[in-house]
Amino acid sequence: MRRLENGAAHEIPHHFATPRQAYESGKLGMWIFLATEVLLFGGLFAAYAVYRGNHPEIFIYAHRFLDSRLGALNTLILITSSLTMAWAVRSAQLGNRRLLTLLLALTLLGGCAFLGVKVVEYEHKWKHGLLWGKRYRPHPAETAQEHPSAAEVLREAPLGDRTNIPPAAIGPSGLAFSADETRAGHADAEEPRNVQLFFGVYFAMTGLHGLHVVAGLLVIGWVFVRLRGGAYGPSNFEAVDRAGLYWHLVDLIWIFLFPLLYLIH
Amino acid sequence: MNGSTAVADNYLSHGRGFRSWFFTLDHKRIGVMYLASIFFFLILGGFFAMLIRTELLTPGRTIMDADTYNQVFTLHGAVMIFLFIIPGIPAAFGNFVLPVMLGAKDVAFPRLNLLSYHLYVVGAIFSVVSILLGAVDTGWTFYTPYSTTTHTSVVSMTLGAFILGFSSIFTGINFIVTIHRMRPPGMSWNRLPLFLWALYSTAIIQILATPVLGITLLLLIVERLLGIGIFDPALGGDPVLYQHFFWFYSHPAVYIMILPAMGVMSELISVFSRKHIFGYKAIAYSSVAIAVLSFLVWGHHMFTSGQSDLGNMIFSALTFSVAIPSAIKVFNWLATMYKGSIRLDTPMLYALSFLLLFGIGGLTGLFLGALATDVHLHDTYFVVAHFHYTMMGGVLIAFLGAMHYWWPKMFGRMYSEKAGRLAAFLVFVGFNLTFFSQFVMGSQGMPRRYYNYVDRFQSYHVLSTIGAYVLAIAFVVLAGNLIHSLFRGRKAPANPWGSATLEWMCASPPPHDNFAEPPEAGDPYDLEHLVYDESIGGYAPRTAREGA
Ligand code: HEM
Ligand SMILES: [Cu+2]
């Protein structure tokens, strides 16, 4: 087994010729993996775009049930944890073990806080029946009380008119409702149809993101545990670096999710 | 070392027992395990195919009822696609050959490589378990709302496919990094063997398309388990969105299948024509062009789904453009053969079959890519014949060619040429009997995935079934020949075919570490300097022989 030029006790796998080759291979591999993660979420972003494009009324109406203050808080938490993570990588490079320990701990704390806030939000949705597809069972009166702004949306603009889906063609009887029928069924509805779609998208996106936060925490936790063995130093900070890259990606995805779901006009 | 003498310790004898294989980090052993598993699923998928063809011998019931038939054709498709053809060439031959072609000791991430194999096994188990729990009957495409309403075990099967997707992604990551970072001295990008260019392009698709399949299947699973409603029209969702997602992966996936096959072709055609490959750069860059274009044409599977006319027209035009890089390759192979001294060894017979069969498959793709004809041909046996000409006539044939080409390297034994050629001939005849008849009946309106049919199609179905039986016999001959060679075959020389790529510079089978020192790479298609040496029964560099 070869050793690093500077003599540090870090061994590189036998199939690499130089430590540099090993390091760069690892880095490239990680970036490619991150690209696959982006595409995994890409599918959900595409679904979001399609449904929001076709049914803006649903999104405008339903996003009021999300608490944008909690969302903003979570954004702040994640950005801060990204900062501590980046700083942790730097202190690993500089060989500052004490600082590294502290910063990793702070990052872990940030991730947990994020999940905590998310639990509060989910619980609220659960209580009000504001769930996905089949599970969508809102309690209108109660919810309207708590979310006057949603009721306002309805009062201000008749949402039915904002859908981008043209009315179904009127076929021979039995194929589709005539225009009048749909409208009649709609006029006295309290909310746009298919609000559950928004919550389906919301839970799919934040749920998958939440799973990624958990995965990120596990990875950083693993890096943290290995700290004790004195695993990292100026010539061996790859694991910290890679965990950091992953964490930044998780953060970045949330930065897109927050405005798309919470801040709709 | 040019390896003309057998090395005592090779990768096969390096360590014994189940654990030394199943937990090995050696890319060669992983490749061999993949080969065995993939071949097993090829046989399993073939078994389902025989059931399908037998059932279709007569209209109405022949050996099974209609619901079973739906399950059998779904299993055939799913097993062949997810467990055989997608991992196929890259996982089995790519794993074995890629590092050796680079003169490297292993792929960049051996552990990830092993993980990829283990995930393959786990994914395969989920898929097989789904058969026991009630095999899926939706077709391999799992279209909603079939897949959200059927009572069969969709979750187990799609979870299996999801896991297999990860296995594929990890292979892709490994290959890209290895090719970028581990090329030997002297191997610039323009001296990369074309098989590696093909694997590289394949890997791009694997890492960019597979995650989209992943999220699609995940959504399908939560749809079934929790009723999330994204694809369910009853809940406001859109089933056509599922089709978009599915084909956004699955069209590029057909190039995950065919690009490595094309890479194999480039190697075979040059070696067995004893001539430098013609148009190296055109072949190399057309692989990348195919990889890029493949992401832009998925809508051609949905011409009749009600997507917008404008969308249809754009997808149709882009579909035609994919044919250009494919044709560039075919013409360059033909030009390579021109005035070469062609040797009709078994691998070359498969290469020649590929040229003809893939030609037909690709050209009929253009019929389907044209809007007006597709409305007539969509969901008929014409489509079935098209994709079998590309996937079986193209990919499987190249897979068999690769298997016969690298077999001596992998196991150090030569098989019987006579039996090999006989099997190749039978495959060719059986294949055309099976699927050409399907073009004819498809164009006359025989719909695909049907259990029953009107009497006038029966003669075509009978022909097709006879062809399928011929194929089965061909496979028995083929497998018998290869297995026999393991025990009785002549010892293989280091370079039996006279190829100039690096894997032929080390012994057959290669030693555990491939190369002690990274070899100097030259032009991978400079065949002139290799001459046949009676005494070793294989080829050796001219200088080495004269020096001896
Ligand atoms: C010149 C290149 C090709 C063109 C223009 C082309 C075009 C098409 C079109 C338009 C369809 C849709 C037909 C329909 O459903 O109505 C189709 C189906 C299909 N093609 Fe191709 N194709 C090409 C090459 C390939 C290759 C190389 C493969 C595989 C290795 C392949 C595999 C398939 C499969 C599996 C289907 C049917 C999927 C299904 O519905 O189950 N094609 N092709
Ligand atoms: Cu396609």
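When you check B:L310 against the structure, is it at pLDDT 95 or above, away from ligand 2 (no atom under 16 Å from the Cβ) and part of a helix (DSSP H, G or I), yes or no?
Numbers: at pLDDT 95 or above: no; away from ligand 2 (no atom under 16 Å from the Cβ): yes; part of a helix (DSSP H, G or I): yes.
No, not satisfied.
If you check B:V240 against the conditions, is it surrounded by fewer than 21 Cβ atoms within 10 Å (Cβ to Cβ) and within 16 Å of ligand 1 (Cβ to nearest atom)?
When the stated conditions are applied, B:V240 passes them.
Enumerate the pairs (first residue in the stretch A:57-86 and polar (S, T, N, Q); second residue anywhere and outside any helix (DSSP H, G or I) and open to solvent by 20 Å² or more (accessible area, probe 1.4 Å)) with beta-carbon separation below 7 Å, excluding pairs fewer than 6 apart on the same chain, so at least 6 apart or on different chains.
A:S68/A:L263
Kindly evaluate B:R111 against the criterion of being surrounded by fewer than 17 Cβ atoms within 10 Å (Cβ to Cβ) and either within 14 Å of chain A (Cβ to nearest Cβ) or within 19 Å of B:F195 (Cα to Cα) (or both).
Judged against the criteria, B:R111 is a match.
Condition (residue is away from every other protein chain (no Cβ under 14 Å) and open to solvent by 10 Å² or more (accessible area, probe 1.4 Å)) applied to the stretch B:96-104: is it met by at least one residue?
Within the stretch B:96-104, not a single residue is away from every other protein chain (no Cβ under 14 Å) and open to solvent by 10 Å² or more (accessible area, probe 1.4 Å).
Which of the following residues is more than 14 Å from chain A (Cβ to nearest Cβ), open to solvent by 40 Å² or more (accessible area, probe 1.4 Å) and within 22 Å of the chain's Cα centre (by Cα): B:H301, B:H251?
Residue meeting the stated conditions: B:H301.
Table: residues versus (1) touching a Leu at 6+ places or on another chain (Cβ under 9 Å); (2) more than 16 Å from ligand 2 (Cβ to nearest atom).
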| site | (1), (2) |
| --- | --- |
| B:L349 | no, yes |
| B:L352 | yes, yes |
| B:F358 | no, no |
| B:G361 | no, no |
| B:G365 | no, no |
| B:A370 | no, no |
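Can you pull out the residues in the stretch B:377-412 that are open to solvent by less than 10 Å² (accessible area, probe 1.4 Å), closer than 17 Å to B:F39 by Cβ and within 15 Å of ligand 2 (Cβ to nearest atom)?
Result: B:V395, single match.
Name the single residue, out of those in the stretch B:220-236 being open to solvent by less than 10 Å² (accessible area, probe 1.4 Å) and more than 7 Å from chain A (Cβ to nearest Cβ), that is modelled with the highest pLDDT. Before the answer, list the steps.
Step one: list which residues in the stretch B:220-236 are open to solvent by less than 10 Å² (accessible area, probe 1.4 Å), which gives B:220, B:227, B:229-231.
Now restrict to residues that are more than 7 Å from chain A (Cβ to nearest Cβ): B:220, B:231.
Details: B:L220: 94, B:F231: 91.
Ranking the candidates gives B:L220 first.
Within the stretch B:168-207, take every residue that is part of a loop (DSSP other than H, G, I, E, B) and away from every other protein chain (no Cβ under 12 Å) and give me the one that is most open to solvent (accessible area, probe 1.4 Å).
Applying the filter and picking the extreme gives B:S188.
If the Cβ limit is 9 Å and pairs must be 6+ apart or interchain, which residue in the stretch B:317-330 that is open to solvent by 30 Å² or more (accessible area, probe 1.4 Å) and near ligand 1 (Cβ under 10 Å from one of its atoms) pairs with which residue that is modelled with pLDDT under 90 and in a helix (DSSP H, G or I)?
none
Any idea which residue in the stretch B:271-298 is nearest to the chain's Cα centre (by Cα), counting only those that are among the polar types (S, T, N, Q) and away from ligand 2 (no atom under 14 Å from the Cβ)?
Ranking the candidates gives B:S287 first.
B:F278 versus (1) under 30 Å from B:G498 (Cα atoms); (2) within 14 Å of ligand 1 (Cβ to nearest atom); (3) not in a helix (DSSP H, G or I): which is the lone unmet condition?
Among (1) under 30 Å from B:G498 (Cα atoms); (2) within 14 Å of ligand 1 (Cβ to nearest atom); (3) not in a helix (DSSP H, G or I), the lone unmet condition for B:F278 is (2).
Just to be sure, is B:T346 more than 16 Å from ligand 1 (Cβ to nearest atom) and either open to solvent by less than 30 Å² (accessible area, probe 1.4 Å) or over 30 Å from B:F248 (Cβ atoms) (or both)?
Spelling it out, B:T346 is indeed more than 16 Å from ligand 1 (Cβ to nearest atom) and either open to solvent by less than 30 Å² (accessible area, probe 1.4 Å) or over 30 Å from B:F248 (Cβ atoms) (or both).
Given the condition away from ligand 2 (no atom under 16 Å from the Cβ), among the aromatic types (F, W, Y) and within 23 Å of B:L199 (Cβ to Cβ), answer yes or no: does some residue in the stretch B:240-252 qualify?
No.
Is it the case that the stretch B:432-450 has a residue that's assigned to a loop (DSSP other than H, G, I, E, B), under 27 Å from B:T138 (Cα atoms), more than 16 Å from ligand 2 (Cβ to nearest atom) and in contact with a Gly (Cβ under 8 Å, 6 or more places away or on another chain)?
Yes, the stretch B:432-450 contains at least one residue that is assigned to a loop (DSSP other than H, G, I, E, B), under 27 Å from B:T138 (Cα atoms), more than 16 Å from ligand 2 (Cβ to nearest atom) and in contact with a Gly (Cβ under 8 Å, 6 or more places away or on another chain).
Within the stretch A:13-56, take every residue that is within 7 Å of another protein chain (Cβ to nearest Cβ) and not in a helix (DSSP H, G or I) and give me the one that is surrounded by the fewest Cβ atoms within 10 Å (Cβ to Cβ).
Here the answer is A:H14.
Would you mind telling me which numbered condition in (1) within 14 Å of another protein chain (Cβ to nearest Cβ); (2) open to solvent by less than 10 Å² (accessible area, probe 1.4 Å) B:G139 fails?
(1)
Does B:A282 count as surrounded by fewer than 23 Cβ atoms within 10 Å (Cβ to Cβ), out of contact with any Leu (no Cβ under 8 Å at 6 or more places or on another chain) and either farther than 21 Å from B:P252 by Cβ or of a type in the set (F, W, Y) (or both)?
So B:A282 passes the test.
Is the stretch B:362-376 home to any residue that is within 11 Å of ligand 1 (Cβ to nearest atom), polar (S, T, N, Q) and open to solvent by 50 Å² or more (accessible area, probe 1.4 Å)?
Yes: one or more hits.
Between B:L268, B:L318, B:L218, which is part of a helix (DSSP H, G or I) and within 16 Å of ligand 2 (Cβ to nearest atom)? Reasoning before the result, please.
Working: B:L268 fails: within 16 Å of ligand 2 (Cβ to nearest atom); B:L218 fails: within 16 Å of ligand 2 (Cβ to nearest atom).
None of the other options fit; the residue is B:L318.
The values are calculated or read from the model by the stated rules, or taken from the named source; none is laboratory data. All values derive from a computational prediction rather than experimental measurement. Every residue, glycine among them, receives a Cβ derived from its backbone with ideal geometry; neighbour counts consider all protein chains shown. Ligands, DNA and RNA are excluded from the accessible area calculation, which covers all protein heavy atoms including side chains. Shrake-Rupley method; radii C 1.70, N 1.55, O 1.52, S 1.80 Å.
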